[in-house]
1. Between residue 157 and residue 184, 0.36 nm times their residue separation minus their Cα-Cα distance comes to what?
2. Largest first, please: the extent of the C-alpha atoms of the range 89-160 along each principal axis, to the nearest Å.
3. Measure nothing but the geometry: give the 0 to 90° angle between the long axis through the Cα atoms of 188-201 and the longest principal axis through the Cα atoms of the chain, rounded to 10°.
4. Which distance in nm do the two modelled labels at residue 223 and residue 211 give, with both placed 7 Å along the Cα-to-Cβ direction?
5. Take every Cα pair under 8 Å in the chain that's 6+ residues apart, average their separations, divide by the length, and report that relative contact order as a whole percent.
6. Based solely on its DSSP helices, what 222 nm [θ] is calculated for the chain when runs of n ≥ 4 H residues each add -39,500 (n - 2.57) and the sum is averaged over all residues, nearest 500 deg cm²/dmol?
7. Shape verdict for the range 7-84, please, from the Cα gyration tensor: rounded (a/c under 1.5), prolate (a/b greater than b/c) or oblate.
8. Compute the relative contact order of the range 171-228 as a whole-number percentage, counting only Cα pairs closer than 8 Å that sit 6 or more residues apart in sequence.
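Bear in mind that the values in this text are calculations on the coordinates, not laboratory data. Model, not experiment: these values are computed from the prediction. Positions of Cβ are generated from backbone atoms using ideal geometry, with glycine treated the same way; all protein chains shown enter the neighbour counts.
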């Protein structure tokens with residue numbers, strides 16, 4: 001760890017730049033750091049590859065904590081489009097709300113949004129896990145291929161449109177299901193998965209109160225009747 005960060009773990013965006021803050025965080029292999037005055041800046045704490053702990057004190061803009069590997073990033077506020085986009089591992093937590101495309105193309109790791117998430121939460125999910133304490137917007141889990149999305153609130157229209165093999169769990173109401181997405185049986189293994197994710201997210205809810213949704217597997221093969 002550099003001497004500078006040993007003496008001062010607070011990084012002030014207002015006094016430097018996002019580029020400088022990100023470079024400082026990427027240079028570290030361990031430690032806990034606080035980012036002050038984010039001011040809605042974009043691409044904060046992106047591309048981290050070491051198990052550092054980062055707390056962003058305030059609202060962040062687009063693609064916060066994108067491409068995360070191994071780091072634990074907490075945003076004490078709201079985030080813009082694409083939080084934790086393409087995350088590989090680690091944990092990203094948002095104490096407020098998230099804009100659209102939260103957790104897009106995630107391959108691994110855990111994304112926790114304590115508030116609401118907007119449209120297309122978990123779009124093209126490829127293996128990560130997302131827990132949303134509030135509700136999600138329309139077309140969430142669109143083309144989700146693997147992984148899991150747990151929603152304690154409601155889900156908007158076209159949930160799971162063109163879904164592959166991701167597991168979707170919703171406690172509240174679902175406005176409508178997208179193409180090839182259907183409600184499925186909630187077995188013991190699924191309740192256990194929900195219980196595990198809730199525990200890791202630090203949220204209290206009864207796993208038995210959730211419904212599971214997934215692929216009907218009718219879009220896997222080409223049908224000549226669908227050709228134009």
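1. Extra length from residue 157 to residue 184 when fully extended: 7.9 nm.
2. 26, 25, 17
3. Between the helix axis and the principal axis of the chain, the angle is about 20 degrees.
4. My value for the distance between the label points is 2.3 nm.
5. Values: 733 pairs, mean separation 21.7, N = 228.
That works out to 10 percent.
6. Only helices count here, giving -3500 deg cm²/dmol.
7. In terms of gyration-tensor shape, oblate.
8. Reported as a whole number, the value is 48 percent.
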